[in-house]
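Derivation of every value follows stated rules applied to the coordinates shown; laboratory data play no part. Since this is a predicted model, take the numbers as computed values, not measurements. FYI the Cβ positions are ideal-geometry reconstructions off the backbone, even for glycines, and counts take in every protein chain you see.
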Amino acid sequence: MARAMKVAIIDDEKDMRQSISQWLALSGFDTETFESAEAALRSIGPDYAGVVVSDIRMPGMDGMALLRRLMTLDSALPVILITGHGDVPMAVEAMRLGAFDFLEKPFNPDRMTELAKKASHARRMALDSRALRRELADGTVLMQKLIGASAPMVRLREDILDLGQADGHVLIDGETGTGKTLVAHALHAVGPRAGRKFATISCAALSEERLAMRLFDGDTDGGVALCEEARGGTICLEDIEALSPALQARLLTFVNDQGTPPETRIIAICNHHMPDKTVEDALRADLFYRLSALQITLPPLRQRGDDVLVLFERIGAQFADEYGCEPPKLAAQEAAQLLQAPWPGNVRQLINVAERAVLQNRRGSGSIASLLMDDNEQVGMALTTEGKPLKDYVDDFERMLIDNAMRRHRGSIVAVMEELCLPRRTLNEKMAKYALSRADYTL
Ligand SMILES: Nc1ncnc2c1ncn2[C@@H]1O[C@H](COP(=O)(O)OP(=O)(O)OP(=O)(O)O)[C@@H](O)[C@H]1O
Ligand SMILES: [Mg+2]
């Protein structure tokens, strides 16, 4: 649903790289294959938007040498190595050098997919926070990135400014793609700790041992643990619901030793990967109460009304700029489809749809409806009215359509009448009913 992650597959055996590539492509990855480490290095840069799967034994530069090169290029790049049967010492060495994981031949393709998914999750997080860190110095930049003027978004901005100044730990939750990670960064950036370290880690992407090392113990090569590195700043724990009981106990001790106000602030993010289990169920009660002193719940996109169109326009314009083509123009019917869509993947899904709409536009084919259909069918979600009476829902919807058409036509009543196929009198009545005034659009 999000922009597909790339997987670079490196193997000197053609059959092997093709079958891995086909398998991963079926799972939704954007795959590319290379017959040698040298060829892969020519096309993989430091911010590579994906992960690497490489065989170890290859003529020329082998997988281990490739791993070393990649780690100096970008130490956060997940590299999965495929080892021959019995290469255990080599696999151990690979892990020490920073490999994400390894697979022993012959491997189960499902296991490969599972690892690639875990690795992409870690990669996406690393890239997101890298991009955000470049903007960290200025909290206002991050606040401006949060597009939306709906009531829940206005309240969210106020909450960020308030809680950013406060001292307690924060728990952020909300559906996938609603902006939790962005808000975590903003909370840090607008507060008094802005000049201090913001360290982020996913409790789901690492094994328990590695997580313990990263968080509390540091590693044998002198790598400093996050709780040390982020002292006086903020530690952001993504996927907090995945934290094991043993590590929850250690985290509780850490939190209890912080004093009041806490020296290091914790922002825990719950990612709702388990729909049947809330974060309150997943964490021990004492830890949950410590971490949820302050709480922010991100509203799903379908509850943000007109923001959907504002986001679509702004993000569509950015992509149009990037691809050097015209921004997509929404017809009333398309705007209606966007407003009606259930958006199970929230803002991230909308970004994806906006990008594809721009590309479709450039090709001159396709429709918004088909883009939405692709996405929503995958998730199998139905349109929901969120328990509102149908009439209110229809009214809100009608108001948004008229408001949007008026904005696009800069208050031209004739153009709006034509687009919405409404006689002038009906349009005037509806505008009066919804307190819309033509003068507001003619500026
Ligand atoms: N209000 C917003 N305005 C503009 N962009 C937004 C907004 N909210 C989120 N985004 C963008 O949407 C994408 C998803 O946001 P983010 O990664 O913060 O969501 P998330 O809730 O952390 O998702 P996940 O559950 O997958 O971790 C990012 O590219 C982010 O910059
Ligand atoms: Mg996130």
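Could you work out the equivalent-ellipsoid semi-axes for region 132-201, taking the square root of 5 times each eigenvalue of the Cα gyration tensor, largest first, in whole Å?
Whole-Å semi-axes of the equivalent ellipsoid: 18, 13, 13.
Give me the Kirkwood hydrodynamic radius of the chain, using the inverse of the mean 1/r over all pairs of distinct Cα atoms, in Å to one decimal.
After inverting the mean inverse Cα-Cα distance, the result is 24.3 Å.
So if R0 is 56 Å, what FRET efficiency would residue 117 and residue 425 give, r being the distance between their Cβ atoms, rounded to the nearest 0.05?
In this case the efficiency is close to 0.50.
Which FRET efficiency, nearest 0.05, do residue 4 and residue 57 yield, Cβ-Cβ r, R0 35 Å?
After rounding to 0.05, the efficiency reads 0.75.
For region 15-32, take each phi angle, set θ = phi - 60°, evaluate the Karplus expression 6.51 cos²θ - 1.76 cosθ + 1.60, and give the result in whole Hz per residue in order, putting x for glycine and proline.
Karplus-based 3J(HN,Hα) across region 15-32 equals 4, 5, 5, 5, 6, 5, 4, 4, 4, 6, 5, 4, 8, x, 7, 9, 9, 9 Hz.
Using the Karplus curve 6.51 cos²θ - 1.76 cosθ + 1.60 with θ = phi - 60°, work out ³J(HN,Hα) for each residue of region 144-154 in order, rounded to whole Hz, and write x for Gly and Pro.
Taking θ as phi minus 60°, the curve returns 5, 5, 7, 7, x, 10, 5, 4, x, 6, 4 Hz for region 144-154.
Multiply the residue gap between residue 329 and residue 19 by 0.36 nm, knock off their C-alpha separation, and tell me the result in nm, one decimal place.
107.5 nm
Under 28 Å Cα to Cα from residue 145, which lysines show up? Leave out anything in the same chain fewer than 8 places away.
Candidates past the 8-residue exclusion: 6, 117, 118, 180, 197, 329.
Of 414, 370, 394, which is farthest along the charge dipole of the chain in the positive direction, counting Lys and Arg as +1 and Asp and Glu as -1 at C-beta?
Looking along the dipole axis, the top candidate is 414.
If amide H atoms are built 1.01 Å from N in the plane of the peptide, which residues on other chains or at least 5 residues away come under 5 Å of the amide H of residue 200?
Long-range HN contacts for residue 200: 236.
Which number comes out as Rg/Rh for region 74-213 once both Rg and the Kirkwood Rh are worked out on C-alpha atoms?
1.09
Between residue 412 and residue 149, what is the label-to-label distance in nm when each label sits 7 Å out along the Cα-to-Cβ direction?
Using points 7 Å along Cα→Cβ, the separation is 2.2 nm.
Stretched out fully, how many nm does the piece from residue 303 to residue 27 gain, at 0.36 nm a residue minus the Cα gap?
The span from residue 303 to residue 27 would gain 96.3 nm if fully extended.
Where the eigenvalues come from the Cα gyration tensor of region 147-261, what are the semi-axes √(5λ) of the equivalent ellipsoid, largest first, in whole Å?
Working through the eigenvalues yields semi-axes of 27, 17, 13 Å.
Please give the direction-averaged projected area of the C-alpha convex hull for region 389-443, in square nanometres with one decimal.
3.5 nm²
Given region 6-112, what whole percent of its Cα pairs are spread farther than 24 Å?
Summing the P(r) tail past 24 Å for region 6-112 gives 14 percent.
Using r as the Cβ-Cβ distance of residue 36 and residue 95, and R0 as 35 Å, what FRET efficiency do you calculate, to the nearest 0.05?
Calculated value: 0.90.
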